[in-house]
1. Here is a check on your reading of the model: is Arg30 at pLDDT 85 or above, under 24 Å from Leu3 (Cα atoms), touching a helix residue (DSSP H, G or I) at 6+ places or on another chain (Cβ under 8 Å) and among the charged types (D, E, K, R)?
2. Can you go through Ile54, Ile91 and tell me which one is of a type in the set (A, V, I, L, M) and either modelled with pLDDT of 70 or more or in contact with a strand residue (DSSP E or B) (Cβ under 8 Å, 6 or more places away or on another chain) (or both)?
3. Considering only region 73-111, state which residues are of a type in the set (A, V, I, L, M) and within 20 Å of Ala135 (Cβ to Cβ).
4. Which of the residues that make up region 62-86 are crowded, with 17+ Cβ neighbours inside 10 Å, closer than 14 Å to Gly98 by Cβ and more than 11 Å from the chain's Cα centre (by Cα)?
Amino acid sequence: MKLAHKAHVALLDGENFSLLRNDGQIFEPRLVPEARPELVPTNFSAGVRHQDQIGKLLGRTQLDELAHGAAAAAWLNARAIAGEIEALLIIADPKTLGEMRHHYHAELEKRLVGEIDKSFAGRPIEEIQEAIIAA
């Protein structure tokens, strides 16, 4: 995958959110951590979509994790609208990514250069860079 110089990478799972920036070249990303965003999960609207009894019994619905994804999308939306993010790659576990997609603003969608639906939170930056190159 091509990742423009100075493009941002949002790295998420149901509990963590890191923002990285590509200081490398298009085909040779060199990710540098930026300040960790502070989120306040308040949007529990995902609960409306996850009311099935089987999901509740098997513990597949974690409203806190889904609210975290919604809060991350809101944070990214605000930065995209303010023009602070020009190009963005989102790397998140499938559940978080699915919830985030429900909350993307049109301005964020314009700046989105790709999504990788895998959990890389807590992994070394070199491993994340390799996943971007392979995507």
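1. Taking the combined requirement at face value, the residue satisfies it.
2. Of Ile54, Ile91, the one residue that is of a type in the set (A, V, I, L, M) and either modelled with pLDDT of 70 or more or in contact with a strand residue (DSSP E or B) (Cβ under 8 Å, 6 or more places away or on another chain) (or both) is Ile91.
3. Result: Leu76, Ile85, Ala87, Leu88, Leu89, Ile90, Ile91, Ala92, Leu97, Met100, Leu108.
4. Once the filter is applied, which keeps residues that are crowded, with 17+ Cβ neighbours inside 10 Å, closer than 14 Å to Gly98 by Cβ and more than 11 Å from the chain's Cα centre (by Cα), region 62-86 yields Glu65, Leu66, Ala67.
The values are calculated or read from the model by the stated rules, or taken from the named source; none is laboratory data. None of these values were measured; they are calculated from a predicted model. Heads up, the Cβs are rebuilt from the backbone with ideal geometry, glycines too, and the neighbour counts pull from every protein chain shown.
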